[in-house]
Amino acid sequence: MATAERMVVIVTGGTGLVGQAIQTVIKQNSSSNEKWIFLSSKDADLKSATETRAVFEKYKPTHVIHLAAMVGGLYRNMKYNCDFLRFNQLINDSVLETCKQLNVKKVVSCLSTCIFPDKTPYPIDETMIHNGPPHHSNFGYSMAKRMIDVMNQAYHEQYGCNFTSVIPTNVYGPHDNFNLEDGHVLPGLIHKVYTAKKNGTDFTVWGTGRPLRQFVYSLDLAKLIIWVLREYDEISPIILSVDEDDEVSIKEAGEMVVEAFDFKGKVVYDTSKADGQFKKTASNAKMRKYLPDFQFTPIQEGIKETVNWFIENYDTARK
């Protein structure tokens, strides 16, 4: 009986939030028939087609999980929409074209629910990506990410490439970016409560706290992305998200962070700050069709684990 060909997987953006989670899951469920390489920005500037080609030729991947991107929270997106558009388009073009040239068997790219139209019925699903413009606050990032779906379809149609994508909802967990200006909402809340408790000051939430989000724990997402790499055979994207009933408000998420820290101080809402998109409720019906019994980490548990990680790794965490 012939042995299966060894899978060599490159993970771009391999040291970020999701890349670190995939590393953790792979260590727990390692396979001798798989070799995993986790790239960081130190290995290559993926905006450069030449550097991308060089690092891919070095490792000769059969499969790629493409996570690398210029990312940031609401306020950074609003300030640098052009940079988010240009840099992410360059990264995506370099990675996908290199994969085509080197006959990579499968690529799984990571998108975001912000790619969906701003004006849309809910819940959103995979068929609705291109039905209208995204929210203006991060249209640069959103359109660059949305184009990956277009590129996947085009590469498949013209060259037969097996390029697909996943669309996670708001990801959080250990190794996140806890920077107050550039990070996403949940790590920002965690850093703020940490600082408020340490200094004996108020905990200030930007905005009204009313917007709704579906938060997915990074280790859960890692397991799902690995499943997509190994098992999912469609070119069209798949939303990876907790159920619609698990959607919470920013206010509720903040209260869970307060509880995880046992913070006793005052909570203030700075309504002079923008709320961003009010909701982007996503349907995970397609994922549930494949994985009806997948169990997500309860958000209180995931927040507690993330808070504990942040406290233990405060000196080295991105902030």
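Positive-end ranking of Ser165, Pro211, Ile238 along the dipole of region 146-293, with charges on Cβ about the Cα centre, is headed by Pro211.
Please work out which option in (1) 32, 59, 9, 0; (2) 24, 36, 26, 13, 1; (3) 30, 55, 16, 0 gives P(r) over Cα pairs in 20 Å bins from 0, in percent calculated from these coordinates, and answer with its label. Among (1) 32, 59, 9, 0; (2) 24, 36, 26, 13, 1; (3) 30, 55, 16, 0, the one derived from this structure is (1). For region 148-226, the carbon plus sulfur part of the accessible surface works out to 49%, probe radius 1.4 Å. Each residue, Gln300 and Ala49, gets one label point 7 Å from its Cα in the Cβ direction; the gap between the two is 5.4 nm.
Classify region 19-83 as rounded, prolate or oblate, taking a ≥ b ≥ c as the square roots of the eigenvalues of its Cα gyration tensor: rounded when a/c is under 1.5, otherwise prolate if a/b is larger than b/c and oblate if not. Judged from the Cα gyration tensor, region 19-83 comes out oblate (a/c at least 1.5, b/c at or above a/b).
Rounded to the nearest 500, what is the chain's calculated 222 nm mean residue ellipticity when only DSSP H runs of at least 4 contribute -39500 (n - 2.57) each, over all residues?
Calculated mean residue ellipticity at 222 nm is -13000 deg cm²/dmol.
Residue separation of Leu180 and Arg230 scaled by 0.36 nm, minus their Cα-Cα distance, works out to 14.4 nm of gained length. The aspartates and glutamates whose alpha-carbon is closer than 19 Å to the alpha-carbon of Lys304, local same-chain residues fewer than 8 away aside, are Asp176, Asp220, Asp246, Glu247, Glu252, Glu255, Glu259, Asp262, Glu312, Asp315.
If R0 is 35 Å, the Cβ-Cβ spacing of Lys79 and Ser30 corresponds to a FRET efficiency of close to 0.25. For region 133-209, with equal point scatterers placed on the C-alpha atoms only and solvent neglected, what are the log10 I(q)/I(0) values from the Debye formula at q = 0.15, 0.22, 0.27, 0.28 1/Å, to two decimals? Log10 of I(q)/I(0), two decimals: -0.73, -1.06, -1.23, -1.25. 3J(HN,Hα) couplings calculated from phi for region 76-86 with the Karplus curve 6.51 cos²θ - 1.76 cosθ + 1.60 (θ = phi - 60°) are, in sequence order, 5, 4, 4, 7, 10, 4, 5, 4, 4, 5, 5 Hz; Gly and Pro show x. Using a cut-off of 24 Å between Cα atoms, the listed pairs Lys105/Lys145; Lys145/Lys251; Lys47/Lys145 include Lys145/Lys251 as exceeding that distance. Amide H contacts of Phe215: Val248, each under 5 Å away and 5 or more positions distant or on a separate chain (H built 1.01 Å from N in the peptide plane; Pro and chain starts excluded).
Determine the share of region 17-82's accessible area contributed by carbon and sulfur atoms, expressed in whole percent, with a 1.4 angstrom probe. Carbon with sulfur: 49 percent of the solvent-accessible area. Rolling a 1.4 Å probe over the protein heavy atoms gives the chain an accessible area of 46 Å² per residue. Accessible surface of Arg146, taken over heavy atoms with a 1.4 Å probe and every protein chain present, rounds to 20 Å². Amide hydrogen proximity for Leu46: with H placed 1.01 Å from N in the peptide plane, no residue at 5 or more positions away or on another chain lies under 5 Å. Rounded to the nearest 20 debye, the dipole magnitude of the chain is 560 debye, with +1 charges on Lys and Arg beta carbons, -1 on Asp and Glu beta carbons, and the Cα centre as origin.
The values are calculated or read from the model by the stated rules, or taken from the named source; none is laboratory data. What you see is a predicted model; the values in this text were computed from it and never measured. Cβ coordinates were reconstructed from backbone atoms using ideal geometry, including for glycine residues, and neighbour counts include every protein chain displayed. Heavy atoms of the whole protein, side chains included, go into the accessibility calculation; ligands, DNA and RNA do not. Shrake-Rupley method; radii C 1.70, N 1.55, O 1.52, S 1.80 Å.
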